[in-house]
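*Asks:* Next up is a structure, given as structure tokens.
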Amino acid sequence: MTKTTFAVIAATAMLFAACTKAPTTNFSFESSDLFFEIADSLSQNQKVAEETWARLFDTKGYKTLCDDDEMNDVRRAAELVFAPNKKAELDSILNAPYDSDDDVDLKMKILVRNYVNLQSHFDDAKKFRTSYDFGKVKTKATKIVHDFLPSPVDSLLTFPNIEFFCYARDASNCGSCIIFDFNYFYLYPQGCIESMAHEMFHNYRYNFTNDDIIYSEPLLIVLDHLQDEGIADLINKKGSENTAKNLTELEYPELYEQKYLKALNNSSKLLAELESLTFQNLDGELSDDDYKKQVYNLFPFHGHPVGYKITQLFIKHGLRDQMMETFYNPVEFIKLYNSIAESEGMYVFSDRFVSHIEQLFTKPQPAE
Ligand SMILES: [Zn+2]
């Protein structure tokens, strides 16, 4: 099955842009270039043809990541920000509360803020597009992940295709490519190169994971996310507190930062809850559907805050080598966690839980 990882990735540092034009193999600007053209037309009060919008949403970046509602948001946000005659409506969105998870327009508000930011340096961003040395990005990102992995690193480590589009400040791994917001890269090239290394780790790891087994069990999926994101975050994050703070610096609503910190501070409780839900399900007190729903919603941000907390503890306890030897096996991840949990005052999984996940991980698969 296709695995998609939507990760909120925080950048931390800027690098001065090089001034030579280099080959841009692996990089596609199809979506962002057309978005720039449209933004130019809107800025000059020109009407954008329906056919042009359709072409934009048929480019790989938008087509892969956005559903119809999200495409409508992109169009509405671009018109509000770039067309000069929409200022009153734009101001009303920017002045509206930006702090509720129930807000149906929250995605739209995030988009609008990113486009306003892009517009504030639009000419420079367009120059950056043609002058930045994207060729070096590949070399740098590959070196980062190569140095991170245990040696020898085999030829399965590859640099993915990068699609640039204009959306929220984020990067998404779509399996065959990584889709980056152009403005995000413009603002934080070095942080984004490290994000690419993070995504390359995911892609590399996929070569070793046993997906048929993992993706047949909600519990293994959740543990897999904790392991995958926790290890990958060691590549590009600068500590949990900074990661949370960066969400607000990237102009996400403050509630994202609060949500991240809440999960971080409740890591032990959440892990205990995972075991408790699992036993309720095994003991017939919780239906499979309810179990699935609850465990999928247990760890916010795709498992980042809790997974990263665990992997930082591994580093603290000198367990990096053991963590990397089994980086594709979520059951070994939990066993390694259990070896240090008590000394950290964290929840220790019971023998019953560990036996259960061992059994899930080794169960025979039905013949195709
Ligand atoms: Zn990730």
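*Asks:* Give the Rg (one decimal place) followed by the Dmax (whole number) of the stretch 211-362, computed from C-alpha coordinates and expressed in Å.
*Replies:* Using the Cα atoms of the stretch 211-362, the pair Rg, Dmax is 15.2, 45 Å.
*Asks:* Rounding to the nearest 10 and keeping the result within 0 to 90°, find how far the Cα-based axis of helix 254-265 lies from the longest principal axis of the chain.
*Replies:* Its long axis makes an angle of about 10 degrees.
*Asks:* Then there is this: Would you mind working out the magnitude of the charge dipole of the chain relative to its Cα centre, with +1 at each Lys and Arg C-beta and -1 at each Asp and Glu C-beta, to the nearest 20 Debye?
*Replies:* 1300
*Asks:* In nm, to one decimal, how far is the Lys107 label point from the Ser43 one, both placed 7 Å along Cα→Cβ?
*Replies:* The answer from the label model is 2.7 nm.
*Asks:* Quick one: among Ser41, Ser151, Ser240, which has the greatest mean-square fluctuation in a GNM of the chain with alpha-carbon springs under 10 angstrom?
*Replies:* Ranking Ser41, Ser151, Ser240 by mean-square fluctuation puts Ser151 first.
*Asks:* Please compute the length gained on full extension between Asp99 and Asn210, using 0.36 nm multiplied by the number of residues separating them and subtracting their Cα-Cα distance.
*Replies:* 36.0 nm
*Asks:* Then there's this: Chymotrypsin sites (Phe, Trp or Tyr not before Pro), restricted to the stretch 271-368: which are DSSP loop and have at most 15 other Cβ atoms within 10 Å?
*Replies:* In loop regions of the stretch 271-368 (DSSP not H, G, I, E or B), there are no sparsely surrounded chymotrypsin sites (Phe, Trp or Tyr not before Pro).
*Asks:* Most fluctuating residue of Glu37, Glu251, Glu344 in a GNM of the chain with Cα springs under 10 Å: which is it?
*Replies:* Glu344
*Asks:* Roughly how tilted is helix 189-206, in degrees to the nearest 10 and between 0 and 90, from the longest Cα axis of the chain?
*Replies:* Between helix and principal axis, roughly 40 degrees.
*Asks:* Here is a follow-up. Please work out the C-alpha center-to-center distance from the stretch 167-198 to the stretch 238-314 and express it in whole Å.
*Replies:* 23
*Asks:* Provide the gained length on full extension for the span Ser268 to Met324, in nm with one decimal, where the gain is 0.36 nm per separating residue minus the Cα-Cα distance.
*Replies:* Here the answer is 17.9 nm.
*Asks:* Which distance in nm do the two modelled labels at Lys363 and Asp290 give, with both placed 7 Å along the Cα-to-Cβ direction?
*Replies:* Taking the two extended label points, one gets 2.1 nm.
*Asks:* Let me ask something additional. Roughly how tilted is helix 218-236, in degrees to the nearest 10 and between 0 and 90, from the longest Cα axis of the chain?
*Replies:* That works out to roughly 60 degrees.
*Asks:* How many angstrom separate the Cα center of the stretch 60-92 from the Cα center of the stretch 26-54?
*Replies:* The two parts, judged by their Cα centres, are 12 Å apart.
*Asks:* Among Asp211, Asp181, Asp67, which one moves the most in a GNM of the chain with springs linking Cα atoms closer than 10 Å?
*Replies:* The residue with the greatest mean-square fluctuation here is Asp67.
*Asks:* How do His225, His304 line up, fewest other C-beta atoms within 10 Å first?
*Replies:* Sorted ascending by nearby Cβ count, the order is His225, His304.
*Asks:* Given a Förster radius of 45 Å and the C-beta distance between Thr248 and His317 as r, what FRET efficiency does 1/(1 + (r/R0)^6) yield to the nearest 0.05?
*Replies:* My answer for the efficiency is 0.90.
*Asks:* Let me ask another. If you scale each eigenvalue of the Cα gyration tensor by 5 and take the root, what three semi-axes come out for the chain, rounded to whole angstrom and sorted largest first?
*Replies:* They are 38, 24, 19 Å, listed from largest to smallest.
Where a number appears in this text, it was derived from the coordinates with a stated rule and is not lab data. Quick caveat: nothing in here was measured; it's all calculated off a predicted structure. Every residue, glycine among them, receives a Cβ derived from its backbone with ideal geometry; neighbour counts consider all protein chains shown.
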